[in-house]
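Q: Sharing a structure below in structure tokens format, with a few things to ask.
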Amino acid sequence: MPLVVMCGFPCSGKSRRAAELQDHLIRSGRKVSIVGDEALGADRNSVYADSRQEREIRGSLRAEVERKLNKDDVVILDSLNYIKGYRYELFCLIKHTQTPHCLIYCLTAPEISAAWNRSREEEQRYTDEM
């Protein structure tokens, strides 16, 4: 399954599940790459507060996925991925590459996500408005 798209609220466990999936696939002998906001060095609070910056980061993520996508390796896209049109762009990309994909939606109660956010280090937290 060459493209795995993680989706969910901020602090819903997407990165943790992506890392667990990566470990499992590596133990199974697969080559795995995680593409995400953190790898691009983006400040999550400023990026997701400004639609222009968010559009740019989505374009960068899509380009990185496109570079790494092939029929053998697994690419895990670890970002919010909440926009249906963006997920459709990814669908068209994998359709062109002729590879399968899946969407993993991390469904977490807002109270739990907020608690997980508060337990993070200060520079890794989302603001309450986000």
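Q: Could you run through the range 109-125 and say how many residues are surrounded by fewer than 16 Cβ atoms within 10 Å (Cβ to Cβ) and within 22 Å of R58 (Cβ to Cβ)?
A: The qualifying residues number 1.
Q: Let me ask something else about it. Scan the range 1-24 for residues that are surrounded by fewer than 19 Cβ atoms within 10 Å (Cβ to Cβ), at pLDDT 95 or above and closer than 11 Å to V75 by Cβ and jot them down.
A: Q22
Q: Can you pull out every residue in the range 74-88 that is surrounded by 15 or more Cβ atoms within 10 Å (Cβ to Cβ) and not basic (K, R)? Even if it seems obvious, please write down each step before you answer.
A: Within the range 74-88, the first condition is being surrounded by 15 or more Cβ atoms within 10 Å (Cβ to Cβ), and the residues that meet it are 74-81, 86-87.
Hits for the range 74-88 are V74, V75, I76, L77, D78, S79, L80, N81, Y86.
Q: Here's a check for you: in the range 1-31, which residue that is in a helix (DSSP H, G or I) and without any contact (Cβ under 8 Å) to a residue 40 or more places away in the chain is nearest to I112 (Cα to Cα)? Talk me through it step by step, then tell me what you get.
A: Applying the first criterion (in a helix (DSSP H, G or I)) to the range 1-31 yields 14-27.
With the extra rule that they be without any contact (Cβ under 8 Å) to a residue 40 or more places away in the chain, the set shrinks to 16, 19-20, 23-24, 26-27.
Details: R16: 14, A19: 20, E20: 20, D23: 25, H24: 25, I26: 29, R27: 30 Å.
Per the stated criteria, the residue is R16.
Q: Still on this structure, I have one more. For the range 50-92, how many residues are in contact with a helix residue (DSSP H, G or I) (Cβ under 6 Å, 6 or more places away or on another chain) and among the aliphatic types (A, V, I, L, M)?
A: 6
Q: Continuing with the same structure: Does R67 meet the test of being surrounded by fewer than 13 Cβ atoms within 10 Å (Cβ to Cβ) and at pLDDT below 90? Give the derivation first.
A: On the way: surrounded by fewer than 13 Cβ atoms within 10 Å (Cβ to Cβ): yes; at pLDDT below 90: no.
When the stated conditions are applied, R67 does not pass them.
Q: Let me ask something additional. Does the range 4-15 contain any residue that is within 20 Å of T127 (Cβ to Cβ) and aliphatic (A, V, I, L, M)? Talk me through it step by step, then tell me what you get.
A: The first filter runs over the range 4-15 and keeps only residues within 20 Å of T127 (Cβ to Cβ), leaving 8-15.
If we keep only those that are aliphatic (A, V, I, L, M) too, we end up with none.
Within the range 4-15, not a single residue is within 20 Å of T127 (Cβ to Cβ) and aliphatic (A, V, I, L, M).
Q: Got a sec? Which of L103, L93, L80, L61 is among the aliphatic types (A, V, I, L, M), closer than 26 Å to I26 by Cα and either assigned to a loop (DSSP other than H, G, I, E, B) or at pLDDT below 90 (or both)? Give the steps one after another, and end with the answer.
A: On the way: L103 fails: either assigned to a loop (DSSP other than H, G, I, E, B) or at pLDDT below 90 (or both); L93 fails: either assigned to a loop (DSSP other than H, G, I, E, B) or at pLDDT below 90 (or both); L61 fails: either assigned to a loop (DSSP other than H, G, I, E, B) or at pLDDT below 90 (or both).
Within the list L103, L93, L80, L61, the selection yields L80.
Q: Could you list, in sequence order, all residues of the range 66-77 that are outside any loop (DSSP other than H, G, I, E, B) and closer than 19 Å to D23 by Cα? Quick ask: steps written out before the conclusion?
A: Quick first cut of the range 66-77, residues outside any loop (DSSP other than H, G, I, E, B) only: 66-68, 74-77.
Across the range 66-77, the qualifying residues are K68, V74, V75, I76, L77.
The values are calculated or read from the model by the stated rules, or taken from the named source; none is laboratory data. The structure presented is a predicted model; accordingly, all values stated were derived computationally and were not measured. Virtual Cβ from ideal backbone geometry, glycine too; neighbours counted across all protein chains shown.
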